[in-house]
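To start, the structure under review is shown below, and the notes come after it.
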Amino acid sequence: MSSWPSIDPGKMVHQITLLQQQTVTDISGTTIRWVPFVRTWAQIDPVKGSDVLRSGQATTQLFLTVKIRWQTGVLPNMRVQSLNGTYVIQAIENPGERNVILILNCLALALNQ
C-alpha cells in the first residue's frame, strides 16, 4: 500500500506562474506568445546541473522539480515562470494518481530562449 502524497506548506515559498502557449496572428505572421494560466505557490528543488557544449559555447543546464498543489489542466507543453527564471516542463508526475500534488520536472531556459 502506497502512502498518501503530501505537501509541506512551509516549503511552498516560491510564487510561480504557469504559462501556456497562445498563437497570435498579425500582419507579420503567426507567432507564439506565453500567457498566464495560473499563479500559485510552489516548492522548487534543484535536481542536477550539467555543463554542455552547444554551438561551440559552454552552457549550463539546470534540472529541477517544481511541486504544486494538484491543478487541473497543467500540460507538459507549458512553462513555469518564477522570480529567478523560466523553466520548460518536461514531464508531470501525479504521485499515486491521487490528484493531491503535481511534480513538474523542468529544465531551466537560458536568458535568450
Test for N99: is it closer than 16 Å to V38 by Cβ and modelled with pLDDT under 95: yes
Number of positions in the range 5-20 that are over 13 Å from the mean Cα position of the chain (by Cα) and either over 20 Å from N84 (Cα atoms) or not in a loop (DSSP other than H, G, I, E, B) (or both): 7
Single match in V13, V24 (criterion: surrounded by 10 or more Cβ atoms within 10 Å (Cβ to Cβ) and modelled with pLDDT under 95): V24
When residues of the range 83-113 are limited to those that are in contact (Cβ under 8 Å) with a residue 60 or more places away in the chain, surrounded by fewer than 17 Cβ atoms within 10 Å (Cβ to Cβ) and not β-branched (V, I, T), the one farthest from Q15 (Cα to Cα): G96
Neighbours by Cβ (under 8 Å, 6+ apart or cross-chain): first from the range 1-22, among the charged types (D, E, K, R); second in a strand (DSSP E or B): D8/Q43; K11/Q43; K11/K67
Tally, over the range 70-82, of residues that are surrounded by 11 or more Cβ atoms within 10 Å (Cβ to Cβ), touching a residue at least 24 places away in the same chain (Cβ under 8 Å) and within 22 Å of I32 (Cα to Cα): 7
Positions within the range 49-81 being in a strand (DSSP E or B), modelled with pLDDT of 95 or more and either polar (S, T, N, Q) or in contact with a Leu (Cβ under 7 Å, 6 or more places away or on another chain) (or both), in sequence order: T65, V66, I68, R79, V80, Q81
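The values are calculated or read from the model by the stated rules, or taken from the named source; none is laboratory data. Predicted, not measured: the structure shown is a model, and the values here were computed from it. With ideal geometry, Cβ positions are generated from the backbone for all residues, glycine too; neighbour counts draw on all protein chains shown.
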